[in-house]
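See below for the structure under consideration.
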Amino acid sequence: MGIFQNKSGFFDKLKRGLAKTRALLMTDVNEIILGKKEISQELFDELEEALIAADVGPAFTAELIENITAKVKRRELDSPERLQEVLRDTMKTILKRSEAPLVIPEKEIFSILVVGVNGTGKTTTIGKLAYQFKGAGRSVMMVAADTFRAAAIEQLEIWSQRVDVPLIKHKMNSDPSAVVFDAIQAAKSGKAEVLIVDTAGRLHTQINLMEEMKKMKRVMGRELPGAPHEILLVLDATTGQNAVNQAKMFSNAVGVTGLVLTKLDGTSKGGVILRIAKEYKIPIRFIGIGEGLDDLREFNSEEFVEALFEQGKS
């Protein structure tokens, strides 16, 4: 397991948070499955259409149809009702491949570069991570390397005070790499084990900003071997297809090593997690389902799928 565990009560909150996704995904799927008396091509076509509409993506849908077809051939499926089990199992299998908690070694400096476009919940994620790492007994420092927006530095300052974690910052428009350099020197002097670095909300079209991030990576690697140890991309689940595009862009540009999917409680597009897991093979580290400090949790595939299927119990 990673550095912190899921607390009791989170599963109920996850079920409530996934209510909109469940309504979109499972209502249509259940109507299709229960409305048919036999497994047919028509059922496959309707199921495929419903799943793609729910943002799970064509690759996941193709794997599911393949699994169903194989089971029909082996006579393991004799009624449409059994299809729900196959759907559940296929979801678990795909998400399990992406389940990899962030493991932070003890007594070493560990640096996390947090990336993503503005509005995804990046700063909030940094604050919640700092709070939870600190609660797990680690000394943490936040680093304000988004020097292009005064609001970004101010937001991080508020989080720094709220969770009582030190912040390294420079003036607005200063060199982000210089901020990171100072943070690593402070960590080396014993002021922190875990560095969480905020970066400007870059879009793939802003080539100069992507180059700035590459420079930060070089500086970090030079001053601290292996750094950044984690490049964490924060995605907003409510954006659906845009989150998929961002995963691709940031992976190509800076080499993402882990994902955070936020705002799952406010969207019907939570199925996008299946698409990202199937198509990008990047570990899903955390999911966010609310505003509370404990509402950012390690991703657990079994728990996620069970919460998605527990209709009417939230």
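The values are calculated or read from the model by the stated rules, or taken from the named source; none is laboratory data. Because the structure is predicted, anything quoted here is derived from the model rather than measured. Cβ sites come from the backbone with ideal geometry, for glycine too, and all protein chains shown count toward neighbours.
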Tell me which residues, restricted to segment 167-194, are part of a loop (DSSP other than H, G, I, E, B), closer than 28 Å to N208 by Cα, touching a Ser or Thr at 6+ places or on another chain (Cβ under 7 Å) and not hydroxyl-bearing (S, T, Y). H170, M172, N173
When only residues in segment 85-142 that are free of Cβ contacts under 8 Å to residues at least 60 places away in the same chain and closer than 30 Å to A70 by Cβ count, which is surrounded by the most Cβ atoms within 10 Å (Cβ to Cβ)? L87
Working only within segment 143-166, note down all residues that are surrounded by 15 or more Cβ atoms within 10 Å (Cβ to Cβ), in a helix (DSSP H, G or I), out of contact with any Ser or Thr (no Cβ under 8 Å at 6 or more places or on another chain) and of a type in the set (A, V, I, L, M). V163
Condition met for V56 (assigned to a strand (DSSP E or B) and not hydroxyl-bearing (S, T, Y)): no
Mind listing whichever residues of segment 260-305 are among the acidic types (D, E), in contact with a strand residue (DSSP E or B) (Cβ under 9 Å, 6 or more places away or on another chain) and assigned to a loop (DSSP other than H, G, I, E, B)? D295
Go through the residues of segment 240-259 one by one and say whether even a single one is assigned to a loop (DSSP other than H, G, I, E, B) and surrounded by 23 or more Cβ atoms within 10 Å (Cβ to Cβ). yes
Determine whether segment 116-131 contains at least one residue that is under 17 Å from L102 (Cβ atoms), among the aromatic types (F, W, Y) and modelled with pLDDT of 95 or more. yes
Restricting segment 17-38 to residues that are surrounded by 20 or more Cβ atoms within 10 Å (Cβ to Cβ) and without any contact (Cβ under 8 Å) to a residue 60 or more places away in the chain, the one farthest from L87 (Cα to Cα) turns out to be I32
Limited to segment 280-314, what total is found for residues that are at negative phi, within 14 Å of the chain's Cα centre (by Cα) and among the charged types (D, E, K, R)? 4
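I want to confirm something. Restricting to segment 79-93 and keeping residues that are in a helix (DSSP H, G or I) and among the polar types (S, T, N, Q), which single residue is modelled with the lowest pLDDT?
Looking at residues that are in a helix (DSSP H, G or I) and among the polar types (S, T, N, Q), I get Q84.
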